[in-house]
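Colleague: Have a look at this one before I ask anything.
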Amino acid sequence: MIKQAEAVAEELLGAWRLVSVETRQPNGDVIYPFYGKHPEGLLIYDRSGWMSAQIVSDPKPTVPSGSSRERFLAAKPIEKIIAIDGYYAYCGTWTVDPLGSTVTHHIQHALYPAERGEGAVRRFTIDGDQLTLVAKAHEMGEDRERRLVWERIKKLWH
């Protein structure tokens, strides 16, 4: 069992670029309530057992203007809210259950403080260089399924 988990974990290792995020309602309708139709993101699983996930919504937040931290800190509260609402991130450790085809993200640090300490279970499939993660969520009074499709990032150096 341990060797099987190690083999599955080996398939997940690396950096993945976000391709799409869809939320399916119980009736099967697909909606895009949080990130828009073309978000961007990065998911990393490393060999030491750490992971990180980051998503930027579509359209990308444009305020506060400027690129420096000082400009952001000096921005109006509404500008900060808009910028933060367009970004999602967490990191922590990860474990694999090969029998259930799930990966659990053990969240240690998160943009949303309530997520810290949670174990976010994702059902996964890998098809070549494509990783699909499926999360169950209870939102807006109903059960939903969020499907995130990621593409393996190839090496940028030789």
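Colleague: Check off (1) of a type in the set (Lys, Arg); (2) farther than 26 Å from Asp127 by Cβ; (3) exposed (fewer than 12 other Cβ atoms within 10 Å of the Cβ) for Lys60 and give me the number that stays unchecked.
Modeller: Checking Lys60 against (1) of a type in the set (Lys, Arg); (2) farther than 26 Å from Asp127 by Cβ; (3) exposed (fewer than 12 other Cβ atoms within 10 Å of the Cβ), the one that fails is (3).
Colleague: Residue under question is Phe34, and the condition is that it be open to solvent by 50 Å² or more (accessible area, probe 1.4 Å), without any contact (Cβ under 8 Å) to a residue 60 or more places away in the chain and in contact with a helix residue (DSSP H, G or I) (Cβ under 8 Å, 6 or more places away or on another chain); does it hold?
Modeller: No; evaluated as a whole, the condition is false for this residue.
Colleague: Just to be sure, is His109 in a strand (DSSP E or B) and open to solvent by 40 Å² or more (accessible area, probe 1.4 Å)?
Modeller: Spelling it out, His109 is indeed in a strand (DSSP E or B) and open to solvent by 40 Å² or more (accessible area, probe 1.4 Å).
Colleague: Among the residues in the stretch 44-51, are any crowded, with 16+ Cβ neighbours inside 10 Å and in contact with a Cys (Cβ under 7 Å, 6 or more places away or on another chain)?
Modeller: Yes - at least one qualifying residue is present in the stretch 44-51.
Colleague: Here's a check for you: in the stretch 3-19, which residue that is closer than 19 Å to His105 by Cα and part of a strand (DSSP E or B) is most open to solvent (accessible area, probe 1.4 Å)?
Modeller: Arg17
Colleague: Let me ask something else about it. For the stretch 20-31, which residues satisfy the criterion of being without any contact (Cβ under 8 Å) to a residue 24 or more places away in the chain and open to solvent by less than 90 Å² (accessible area, probe 1.4 Å)?
Modeller: Across the stretch 20-31, the qualifying residues are Gly28, Asp29, Val30, Ile31.
Colleague: Determine, yes or no, whether Leu99 is within 14 Å of the chain's Cα centre (by Cα), loosely packed, with under 15 Cβ neighbours inside 10 Å and over 15 Å from Trp150 (Cβ atoms).
Modeller: Here the answer is no, as Leu99 does not meet what is asked.
The values are calculated or read from the model by the stated rules, or taken from the named source; none is laboratory data. All of these numbers come straight from a predicted model, not from anything done at the bench. Cβ: placed from backbone, ideal geometry, glycine included. Neighbour counts: every protein chain shown. When the accessible area is computed, the model is the full protein with side chains, heavy atoms only, and any ligands, DNA or RNA have been set aside. Shrake-Rupley method; radii C 1.70, N 1.55, O 1.52, S 1.80 Å.
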